[in-house]
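Nothing in this text is a laboratory measurement; each read-out follows from the coordinates by a stated rule. The structure displayed is predicted, hence computed values, not measured ones. Note that we place each Cβ from the backbone using ideal geometry, even for glycine, and neighbour counts take in every protein chain shown.
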Amino acid sequence: MFELLFIPPLLIGALGIYIWYKQKYSTTIPCSDLSPVYGHLHKVSLNDNSYLAFNESEMLKHKHVYNFWLGPLDPTAYVCSTSGVKAVLQNSEEKGYEYKALIPWFGQKSIILSTGSYWKNKRNKYAEMFRADVLKDYVKIYAQNAETLMNKWFEDAEANREIDLLCDIKKLTLCVGNECIFDNKLEMFSKETEEYHHRMESMAKVIFDRNINPFFKYEFIHKLSNNYKETSKLIKELDEISNQLLIKKKEKYDRDASFKSIIDLLLDVQHDMIENNEEPMSDKEIIGEINSLLFAAHDTSSHAILWTFYCISKYPEVENKIIKEINEVLGDRDVIETDDLSKLKYLKKVVNESLRLYPPAAMFTRKLNSDIDVNGHIVKGGNDVVVFVYLIHRNPLHWKDPNTFNPDRFDETPELYSFLPFSTGSRNCIGKFFALNEIYTVLGMFYKRMRMKIDKSYMPRPSIILKPHETMMGRIEVQ
Ligand code: HEM
């Protein structure tokens, strides 16, 4: 009986030796301030800017790659230089653990989550759907929705009201996404849109909460949690909306229609597959595709627009140059048309510079196929790695005065792999030009009539998307 008293101290001692061994000898990838108890969790909080600040200091010390320890036993390599990104993208195909939370909503066969020849085949079909001549038809939709928002902001300006910018811009991108992807016209400031917006927000929150909880890595624990129940309920509700839209669309589907939304193009693909005796995409798969596209398009684009407004508001000389350019391009018109977009050269540099400092997809993860060597440090195959876009964009190895906002740096083409707001390579963002056209249209139409005032400073925080804490408030002035 007495001997049993020795068991707990022995177990604690063995665990201590295991942690010491694991932290000291299991990896040669550097890091700083590692706690034997917390890993790096004691250095960061979700309630302030400490996660980005700590990682920025790690990037400045270690330059190419370092380990971030989520607790005492769980290191992940964070890659923050171009040589690291190149090695990761060339030696990985599967996305990292964080994407697992999306499987029940998007389906394993969706463009975002599938791999191998299935993904390649699908990606080729998507490339057709996102061709420049298809996308040009959507500029009208961006402009109509931008006009609705501008009219509201015009009234807000006249009443000298402070505006919740993020909330309004999210409604805009939700309406644009619904119309271009689903062929579903929403009223931007209606109760229906408000509810839809809340469901999408709740969905993003439960996915984030799942990913930051280390216990939820074990499926059986997650299945017992409230997070699982809430996620299942939201998926059911959002699937129901998508299902109704698909049924409505199928009733009026016309192969020869002159305008095609993405859902029309997906139905074209489904029909082609039937005609070619291939196994067609099921309706469930189409619903997974449209869910994933809307999710990929909505939050990213709204934050890109928001952070660009933020950057411009801090630099009146930049704002003046944009206003001058937009007046020259539009003349008497207030509404942007497709041909105007290629002429907004200065605005493009400003958007690039904002995407550099505030990339909405601040990081993404990959599972390595095989070992990679990042500047003499071996990252083991089979492990997940983080490509830390936010840090690569601020790494002094690749950018002069990285924390200075200077749109003119884009007079020169950035070094390969150093500018990754839409990732790069075969798995880059398929919606890049969809998003950029939308961003230029909204900003162009805004600066034709108004100016933005954002007095407070907002520090970014990583969630699924790089966002300000809670929201961002601003005031509009009519020119
Ligand atoms: C400013 C807006 C956007 C940003 C910053 C952005 C960023 C990204 C990034 C970084 C990736 C790669 C993620 C990874 O490899 O893990 C990606 C993939 C993707 N994006 Fe976007 N995106 C934006 C807008 C859009 C839009 C508007 C759409 C569609 C309408 C879209 C659809 C997709 C899809 C389908 C993928 C997965 C592609 C594949 O795996 O083959 N994105 N995006």
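Condition test on residue 339, is it in a loop (DSSP other than H, G, I, E, B), more than 18 Å from residue 454 (Cβ to Cβ) and either within 15 Å of the ligand (Cβ to nearest atom) or out of contact with any Phe, Trp or Tyr (no Cβ under 9 Å at 6 or more places or on another chain) (or both)?
Taking the combined requirement at face value, the residue does not satisfy it.
Do you know which residues across the range 422-468 are β-branched (Val, Ile, Thr) and more than 8 Å from the ligand (Cβ to nearest atom)?
424, 441, 442, 454, 464, 465
Restricting attention to the range 150-177, report how many residues are surrounded by fewer than 20 Cβ atoms within 10 Å (Cβ to Cβ) and among the basic types (Lys, Arg).
Number satisfying all stated conditions: 2.
Could you say whether any residue in the range 211-221 is within 21 Å of the chain's Cα centre (by Cα) and aromatic (Phe, Trp, Tyr)? Break it down into steps so the answer makes sense when it comes.
So the first thing to find is which residues in the range 211-221 are within 21 Å of the chain's Cα centre (by Cα), and the list is 211-213.
Applying the additional criterion that residues be aromatic (Phe, Trp, Tyr) yields none.
Taking every residue of the range 211-221 in turn, none turns out to be within 21 Å of the chain's Cα centre (by Cα) and aromatic (Phe, Trp, Tyr).
Are there any pairs, at least 6 apart or on different chains, whose C-beta atoms fall under 8 Å, with the first in the range 100-118 and small (Gly, Ala, Ser) and the second more than 13 Å from the ligand (Cβ to nearest atom) and not in a loop (DSSP other than H, G, I, E, B), and if so, which?
Here the result reads 101/207; 101/210; 101/211; 101/231; 107/284; 107/285; 110/285, each pair linking the range 100-118 to a residue that is more than 13 Å from the ligand (Cβ to nearest atom) and not in a loop (DSSP other than H, G, I, E, B).
Restricted to the range 95-136, and to residues that are among the β-branched types (Val, Ile, Thr) and within 12 Å of the ligand (Cβ to nearest atom), which residue is farthest from residue 364 (Cα to Cα)?
My answer is 134.
Restricting attention to the range 318-329, does a residue exist that is away from the ligand (no atom under 13 Å from the Cβ), basic (Lys, Arg) and over 24 Å from the mean Cα position of the chain (by Cα)? Steps first, answer last, please.
Quick first cut of the range 318-329, residues away from the ligand (no atom under 13 Å from the Cβ) only: 318-329.
Checking the rest, the ones that are also basic (Lys, Arg) come to 321, 324.
Next, from what is left, pick out any that are over 24 Å from the mean Cα position of the chain (by Cα): 321, 324.
So far as the range 318-329 goes, yes, one or more of its residues are away from the ligand (no atom under 13 Å from the Cβ), basic (Lys, Arg) and over 24 Å from the mean Cα position of the chain (by Cα).
How many residues does the range 96-110 contain that are touching a Ser or Thr at 6+ places or on another chain (Cβ under 7 Å) and surrounded by 19 or more Cβ atoms within 10 Å (Cβ to Cβ)?
So the count comes out to 3.
Give the residues of the range 158-189 that are among the charged types (D, E, K, R) and out of contact with any strand residue (DSSP E or B) (no Cβ under 9 Å at 6 or more places or on another chain), sorted by residue number.
Of the range 158-189, the ones among the charged types (D, E, K, R) are 158, 161-162, 164, 168, 170-171, 179, 183, 185, 187.
Residues satisfying the conditions are 168, 170, 171, 179, 183, 185, 187.
Give me a count of the residues in the range 213-271 that are small (Gly, Ala, Ser), under 27 Å from residue 130 (Cβ atoms) and not in a helix (DSSP H, G or I).
Narrowing the range 213-271 to residues small (Gly, Ala, Ser): 225, 232, 242, 257-258, 261.
Narrowing further to those that are under 27 Å from residue 130 (Cβ atoms): 242, 257-258, 261.
Narrowing the set further to residues that are not in a helix (DSSP H, G or I) leaves 257-258, 261.
Summing the residues that are small (Gly, Ala, Ser), under 27 Å from residue 130 (Cβ atoms) and not in a helix (DSSP H, G or I) in the range 213-271 gives 3.
With 308, 338, 365 as the choices, which residue is touching a strand residue (DSSP E or B) at 6+ places or on another chain (Cβ under 6 Å) and touching a residue at least 40 places away in the same chain (Cβ under 8 Å)?
One residue alone meets the criteria, 365.
Can we say residue 72 is surrounded by fewer than 18 Cβ atoms within 10 Å (Cβ to Cβ) and either in contact with a strand residue (DSSP E or B) (Cβ under 6 Å, 6 or more places away or on another chain) or not aliphatic (A, V, I, L, M) (or both)?
Working: surrounded by fewer than 18 Cβ atoms within 10 Å (Cβ to Cβ): no; either in contact with a strand residue (DSSP E or B) (Cβ under 6 Å, 6 or more places away or on another chain) or not aliphatic (A, V, I, L, M) (or both): yes.
So residue 72 does not fit the description; no.
Answer with yes or no whether residue 118 is in contact with a Ser or Thr (Cβ under 8 Å, 6 or more places away or on another chain), hydroxyl-bearing (Ser, Thr, Tyr) and loosely packed, with under 14 Cβ neighbours inside 10 Å.
On the way: in contact with a Ser or Thr (Cβ under 8 Å, 6 or more places away or on another chain): no; hydroxyl-bearing (Ser, Thr, Tyr): yes; loosely packed, with under 14 Cβ neighbours inside 10 Å: yes.
Judged against the criteria, residue 118 is not a match.
Contact list please: Cβ distance under 7 Å, first residue in the range 185-203 and of a type in the set (D, E, K, R), second residue surrounded by 12 or more Cβ atoms within 10 Å (Cβ to Cβ), pairs at least six apart or on different chains.
185/179; 187/193; 192/186; 199/234; 199/237; 199/238
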